Amino acid sequence: MKTGIFGGSFNPVHNGHIHLAESIRDNLSLDRVIFVPSKISPHKSSSEYVPEIHRLKMLELAIQEKKSFEVSDYEIRCERISYSIYTVEHFHKKYPSDELYLLIGSDMLLSFDTWYRFRDIMSLAALAVVSRNSGDFNLLSEKAVQLSQYGKIIISSVPPFPASSTEIRKKISKNQNYACYLNKNVVQYITSNNLYK
């Protein structure tokens, strides 16, 4: 099987995340995409995170009608920084016969050689890079050539989706309309639990 690993804070998960995962799944003919919410991201401040149980539940609600999508609580259960190598190793052990793909954004590829144990990540999983800006393709291609000695890199162009978790949190805190960016069940969950206020 071809398995995609999609990590992130998902704070909250929005339609752009789902759109991206669907595009990569279709472009690479993945059998499944596993969403892995982080506990402690090495790249972000955790001060704006809602408790992980809420982020996990919102993900489950957002993908419940998507048969090829799954949610894993692996990183949330681990009491440590959510370095990608640990997650990739976990799924490599869990699904030893699967072909693994780590979904990352174009900005992440440009700094990927600074990631903790990046060579080990590339030895276990192909990098599925999402380009949402057509102007950055040459830059990404150059970086992919530099890193290709360590493993496989695939760059996919995905149409941009006008949503970001940061902007959505701001809209919620200001009582502005945000429902169009989220799954309706996620909207109801945020309202019921008074999140991001």
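Read the figures in this text as sums done on the coordinates, not as results from a lab. Predicted, not measured: the structure shown is a model, and the values here were computed from it. In this analysis, Cβ positions are derived from the backbone assuming ideal geometry, glycine residues included, and neighbour counts consider all displayed protein chains.
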The long-range amide H neighbours of Gly8, using H built 1.01 Å from N in the peptide plane and a cut-off of under 5 Å, are Val36, Ser38
Gyration tensor on Cα atoms of the stretch 1-98, a ≥ b ≥ c root eigenvalues, a/c under 1.5 rounded, else prolate if a/b beats b/c, else oblate, says oblate
What FRET efficiency would be calculated for the residue pair Arg117, Phe161, taking the C-beta separation as r and a Förster radius of 35 Å, to the nearest 0.05?
-> 0.70
Which net charge results when you count Lys and Arg as +1 and Asp and Glu as -1 among the other residues whose beta-carbon is under 12 Å from that of Met122?
-> +1
From the Cα centre of the stretch 120-197 to that of the stretch 75-101, the distance in Å is 19
With a/c under 1.5 counting as rounded, go ahead and sort the stretch 73-184 into rounded, prolate or oblate using the C-alpha gyration tensor (a ≥ b ≥ c being the square roots of the eigenvalues; past the cut-off, prolate if a/b is larger than b/c, else oblate).
-> oblate
By a straight-distance test (C-alpha under 30 Å), which lysines pair with Lys170 as possible cross-link partners, with residues fewer than eight away in the same chain excluded?
-> Lys39, Lys44, Lys57, Lys66, Lys184, Lys197
Where Lys and Arg each count +1 and Asp and Glu each count -1, what net charge lies around Glu99 among other residues with Cβ under 14 Å from its Cβ?
-> +3
Given unit charges at Cβ for Lys, Arg (+) and Asp, Glu (-), the dipole magnitude of the chain about its Cα centre in debye, nearest 20, is 480
How far, in nm, would the chain grow between Ser148 and Lys66 when pulled straight, counting 0.36 nm per residue and subtracting the alpha carbon separation?
-> 26.3 nm
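Taking square-rooted eigenvalues a ≥ b ≥ c of the alpha carbon gyration tensor, is the stretch 60-107 rounded, prolate or oblate, where a/c under 1.5 means rounded and, failing that, a/b exceeding b/c means prolate? All intermediate terms of the calculation are to be shown ahead of the outcome.
On the way: a/c = 1.36, a/b = 1.23, b/c = 1.11.
Rounded shape, in that the Cα axes give a/c under 1.5.
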Would you kindly state how much longer the chain becomes between Asn185 and Lys171 on full extension, computed as 0.36 nm times their sequence separation minus their alpha carbon distance, in nm to one decimal?
-> 3.3 nm
